[in-house]
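What follows is a short report on a single structure.
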Amino acid sequence: MDEQPKKRGFLEKFSVILQSSGGLLTAVTVAIIGFIGTNYMKDREMRESKNSIYTQLTINREDAESSLRKDMFVSIIQPLLNSDSTGLDERVLNLELLAYNFHESLNLKPLFTYLERKVNASNEPNKDDYLKRLYKVATEINRKQMLVLEFAGSKADMIIDLENLKQNPGGFPLGETTLTAEGITRQVSLFVLAADTTAKQINMRMEIKTPDAKTGKVDTNTAVFWVGYFDFPMIDNTRLPNDQRAAIVLNAFEDGFADITLALFPGSYASLKDKASLQDIINNMTKTGDNN
């Protein structure tokens, strides 16, 4: 009989302990959650502050670089075009600075050909050296641009024997090659039509065939153009379907031979001024949607 009241007393005491512990656990839980939440908010605010500072620093740096490039462009282009107060040596130097700093965004071919004419028409004893400097900087710009373009697409190097024009004055086929960019394979045929040994330029015809894997049809694009040292691939190129470009670079022109490189690359790697057409943008969006 005495055991029942003892059991009830024990249960009542245990219940009180549980109730007290439950309140304590609740308070401890709330405190821990509050501590974690506070630390999380502090970390989040710190990250946002760092991101804001980094973004602002990046914007300030880009603004400073844009301002510097603008001032540099103005200071270079003015004496380059001012023939009254600037000698050929300084004008060639200014074109070198302009080409190395702005070749991806400006079509510099008119300036190169303009200065080339000025040098050829001059009576200065160093005119040959000036021409070599013009061709050297143009070759270097072509090389730099090709390093970028061949990484994004594909290329093919070819040698042209210009002596063949003597036996074939109407031109001759250079050959066919297959190039692939962004999973699209194209068959490219090149024809040499004429050559200007004085201006170091070659007249060429390029025929590009693209088979459609779904329909079996072949889309053909043809372009006829002159290519010289001053035709830079990011600027001087042929627009193709699917927002791609094809370009030919003249690497060397001497001793009856010409060394050229044919490149196929995405249109996104073309110059800033060469924007994709609206139809190309729509096609890319549709292609992206189909892949998803």
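The values are calculated or read from the model by the stated rules, or taken from the named source; none is laboratory data. Computed from a prediction, not measured in an experiment: that's the story for all the values here. Reconstructed Cβ throughout: ideal geometry from the backbone, glycine too, with neighbour counts over all protein chains shown.
What is the residue count in region 98-129 for residues that are buried (at least 19 other Cβ atoms within 10 Å of the Cβ) and not β-branched (V, I, T)?
Number satisfying all stated conditions: 9.
Name, by its number, the condition in (1) modelled with pLDDT under 85; (2) loosely packed, with under 15 Cβ neighbours inside 10 Å that does not hold for L80.
Among (1) modelled with pLDDT under 85; (2) loosely packed, with under 15 Cβ neighbours inside 10 Å, the lone unmet condition for L80 is (2).
For the subset of region 168-191 comprising residues that are assigned to a strand (DSSP E or B) and either of a type in the set (G, A, S) or not assigned by TED's automatic domain parsing to the domain that holds A213 (or both), which member is surrounded by the fewest Cβ atoms within 10 Å (Cβ to Cβ)? Let's see the steps before the verdict.
Just the residues of region 168-191 that are assigned to a strand (DSSP E or B), to begin with: 172-181, 184-191.
If we keep only those that are either of a type in the set (G, A, S) or not assigned by TED's automatic domain parsing to the domain that holds A213 (or both) as well, we get 175, 181, 189.
Values: G175: 12, A181: 24, S189: 16.
Among residues in region 168-191 that are assigned to a strand (DSSP E or B) and either of a type in the set (G, A, S) or not assigned by TED's automatic domain parsing to the domain that holds A213 (or both), the one surrounded by the fewest Cβ atoms within 10 Å (Cβ to Cβ) is G175.
Looking only at region 192-251, count how many residues are of a type in the set (A, V, I, L, M) and surrounded by fewer than 18 Cβ atoms within 10 Å (Cβ to Cβ).
Result for region 192-251: 7.
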